[in-house]
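For reference, the structure is listed below as structure tokens.
The values are calculated or read from the model by the stated rules, or taken from the named source; none is laboratory data. Quick caveat: nothing in here was measured; it's all calculated off a predicted structure. For neighbour counting, all protein chains shown are included, and Cβ atoms are generated from backbone atoms with ideal geometry for every residue, glycine included.
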Amino acid sequence: MKNQPAMFLVGLVMLVAGLFWLTSMVQVTVGWGAGLNIGGATIPSGVTLVPLISGILWVFFNPKSVGAKLLLIIGVVVLIVSILMTIRFQMPRVSLFEIIMVFIGIAGGAGLVSRVLFVKCTKSDEEKR
């Protein structure tokens, strides 16, 4: 490990480039509207808004109610979870070469960065400096 800053910089560039290339390949779609599948049961997506709407109504009716605030929080959580559960990641057709290059960049860059950050110098390495 002669030039650690250069090795770290090269590894970081490889890692960032590989991650950028991978994330630019992936297409993200949201299929919200068909329903939410939980344990084999399909809950229509509109039903996930019921706790949120009920909580909003209750908060406007009685702003000091702890139950109203709790229902509002539950409604927001249910809405966020239902959106997250319907996200789909798709990768369009890419060549094997591109995939190999992406993972070489990610794994090689992570390896170089880890080598600089986590490998301790021995006395002989310190004497060479």
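Of all residues in the stretch 45-66 being over 29 Å from the mean Cα position of the chain (by Cα) and hydrophobic (A, V, I, L, M, F, W, C), which is nearest to T86 (Cα to Cα)?
Of everything passing the filter in the stretch 45-66, I56 is nearest to T86 (Cα to Cα).
I'm checking my understanding of the structure. Among residues of the stretch 76-115 that are touching a Gly at 6+ places or on another chain (Cβ under 7 Å) and either at pLDDT below 90 or in a strand (DSSP E or B) (or both), which one is farthest from G18 (Cα to Cα)?
Taking the candidates together, the pick is T86.
Check L71, L57, L49 and return the single one that is part of a helix (DSSP H, G or I), at pLDDT below 90 and not small (G, A, S).
Matching residue, one of L71, L57, L49: L49.
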